1. So what's the range 67-183 giving for Cα Rg divided by 2.2 N^0.38 Å, two decimals?
2. Could you name the aspartates and glutamates whose alpha carbon sits less than 15 Å from that of LYS154, not counting residues in the same chain fewer than 8 places away?
3. Under a 1.4 Å probe, what is the accessible area of the range 95-172 per residue, stated in Å²?
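The values are calculated or read from the model by the stated rules, or taken from the named source; none is laboratory data. Being a predicted model, the structure only gives us computed values, none of them experimental. Side chains are part of the model used for accessible areas, which takes the heavy atoms of the whole protein and leaves out ligands, DNA and RNA. Shrake-Rupley method; radii C 1.70, N 1.55, O 1.52, S 1.80 Å.
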Amino acid sequence: MPAPKVWVTGLTVGAIAAVTALAVQADKGPHPTAASARPSASAPSGASPAPTKSTAPAAVPKGSGTGRRIVYALGQKRVWLVDASEAARRTFAVWPGTVSPDPGSYTVSSRTMATTGSDGVQIENIVYFAAKSGISIAFSNAVDGSSPPPAGDKQTGGVRMRAADGAALWAFGESGTSVVVVR
């Protein structure tokens, strides 16, 4: 009896298409923030705005070195993954911690798949590259997709990003990869 098979196959294909559409919509939609960072009637003056997706890719900053590297621009709150041919393979906005590395050249020193951040949020794709004042500085993303809350008086060295960007940086930033920090 072929009719029920076709009907079930059609339903399966339709369900897969619906789930795919919802997943794409969820990825493009708003991202949750950590519980302690829920918006209030007035945002604190020191709070950083959420990173936004750029309509045109930002150019790799001049003076950021050559060759395969990760470039982190402090003022732009942006990261570039640059391949050996000097092409920016990906660029994205980030949420910096309260402790920033000094401009200069670093290398990825270690990586950790997952842990709990100093703000209590579960993080993944942690790529360590610097330390300052005893604080480790690393790129990471929150497992739940949240942005970090304002740190208040805590010193944090996490440079957070969206989950897809964290996965891309994890794949690109193997131990020994150059990291160039510019103003």
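1. 0.96
2. ASP119
3. Numbers: 3370 Å² over 78 residues.
Accessible area per residue: 43 Å².
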